[in-house]
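See below for the structure under consideration.
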Amino acid sequence: AQTVTQSQPEMSVQEAETVTLSCTYDTSESNYYLFWYKQPPSRQMILVIRQEAYKQQNATENRFSVNFQKAAKSFSLKISDSQLGDTAMYFCAFSFGNEKLTFGTGTRLTIIP
Amino acid sequence: DSGVTQTPKHLITATGQRVTLRCSPRSGDLSVYWYQQSLDQGLQFLIQYYNGEERAKGNILERFSAQQFPDLHSELNLSSLELGDSALYFCASSVRGEFSYEQYFGPGTRLTVT
């Protein structure tokens, strides 16, 4: 079974700073997909960024980027120039394409004004 | 707005009752997934439908059932409700086609069992 581990239950950072959220996963497969979802206080689940395991290039979406280390089974999220609206729970997730998402336990991120 | 709709937004009911949660996927999306988010269990996959057929089952209780209709909307039926069923229930749909991989979530239905 696949597992996703987020070892940082809570983090806080000053506005405009950079923060990195950690995620590790375990699988014996070689083709899979990794995601970061954001859940703000509204509880909506918002897709932030995705990474295909077969791609060596790290994904980037505006201020959000990932550091994907396939051999280490590590998938961290970097948020640059953090904003108050980034305050949320962040979930790392794993899937085999058109199959279920397996989520980590989440990291609660607070951006301090 | 993800394009996935869920009704109702909130539901309060008593133990032993039965409720139905409804989900409409994004236009053209063939796969629908149901997830449960509770405080002690985190986000758990319940069940997936693809183009009207059950495709995968997760930690779904026997008291729970689901279906996907020809117009691709889906319903999750929860019966003999217990206090522990109180949770946020999400529906997600994935982009068009068999080999897609992005799931977009609806706003969720918050179920409170009293």
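Inside region B:43-94, residues that are part of a loop (DSSP other than H, G, I, E, B), more than 9 Å from chain A (Cβ to nearest Cβ) and within 19 Å of B:V4 (Cβ to Cβ) make up a count of 7.
If you check A:Q83 against the conditions, is it at pLDDT 95 or above, away from chain B (no Cβ under 14 Å) and within 27 Å of B:D1 (Cα to Cα)? Spelling it out, A:Q83 is indeed at pLDDT 95 or above, away from chain B (no Cβ under 14 Å) and within 27 Å of B:D1 (Cα to Cα).
Among the listed residues A:Q2, A:Q69, which satisfies the condition of being in contact with a strand residue (DSSP E or B) (Cβ under 9 Å, 6 or more places away or on another chain), more than 30 Å from B:K9 (Cβ to Cβ) and open to solvent by 80 Å² or more (accessible area, probe 1.4 Å)? Matching residue, one of A:Q2, A:Q69: A:Q69. Contact map, region B:51-79: first residue without any contact (Cβ under 8 Å) to a residue 40 or more places away in the chain and over 18 Å from B:Q37 (Cα atoms), second residue in a loop (DSSP other than H, G, I, E, B) and small (G, A, S), Cβ cut-off under 8 Å, separation 6 or more or different chains; pairs are B:Q68/B:G52; B:F69/B:G52; B:P70/B:G52.
In the condition set (1) open to solvent by 10 Å² or more (accessible area, probe 1.4 Å); (2) modelled with pLDDT under 95, A:T110 is compliant with all but (2). For the condition open to solvent by 60 Å² or more (accessible area, probe 1.4 Å), more than 10 Å from every other protein chain (Cβ to nearest Cβ) and in contact with a His (Cβ under 7 Å, 6 or more places away or on another chain), what is the one hit in B:R18, B:R22? Criteria check complete, one pass: B:R22. Inside region A:86-106, can you point out the residues that are farther than 21 Å from B:L30 by Cβ, more than 8 Å from chain B (Cβ to nearest Cβ), open to solvent by 10 Å² or more (accessible area, probe 1.4 Å) and not in a strand (DSSP E or B)? Correct list: A:T87 only. Residues in region B:61-84 that are over 18 Å from B:F105 (Cα atoms) and either open to solvent by 30 Å² or more (accessible area, probe 1.4 Å) or out of contact with any strand residue (DSSP E or B) (no Cβ under 7 Å at 6 or more places or on another chain) (or both): B:L61, B:E62, B:R63, B:S65, B:F69, B:P70, B:D71, B:S79, B:S80, B:E82, B:L83, B:G84. Filtering region A:13-66 to residues that are open to solvent by less than 30 Å² (accessible area, probe 1.4 Å), at pLDDT 95 or above and not in a strand (DSSP E or B) leaves A:C23, A:P40, A:M45. Screening A:F75 on (1) within 14 Å of chain B (Cβ to nearest Cβ); (2) part of a strand (DSSP E or B); (3) open to solvent by less than 20 Å² (accessible area, probe 1.4 Å) shows it passes everything except condition (1). Residue count for region A:42-66 under the criterion of being among the basic types (K, R), more than 12 Å from the chain's Cα centre (by Cα) and within 14 Å of chain B (Cβ to nearest Cβ): the result is 2.
Considering A:Q39, A:Q14, the condition of being more than 14 Å from chain B (Cβ to nearest Cβ) and polar (S, T, N, Q) is satisfied by A:Q14 alone.
The values are calculated or read from the model by the stated rules, or taken from the named source; none is laboratory data. Predicted model only: the values in this text are computed from it and were never measured. As a convention, Cβ positions derive from the backbone with ideal geometry for all residues, glycine included, and neighbour counts pool all protein chains shown. With ligands, DNA and RNA removed, areas are computed over all heavy atoms of the protein, side chains included. Shrake-Rupley method; radii C 1.70, N 1.55, O 1.52, S 1.80 Å.
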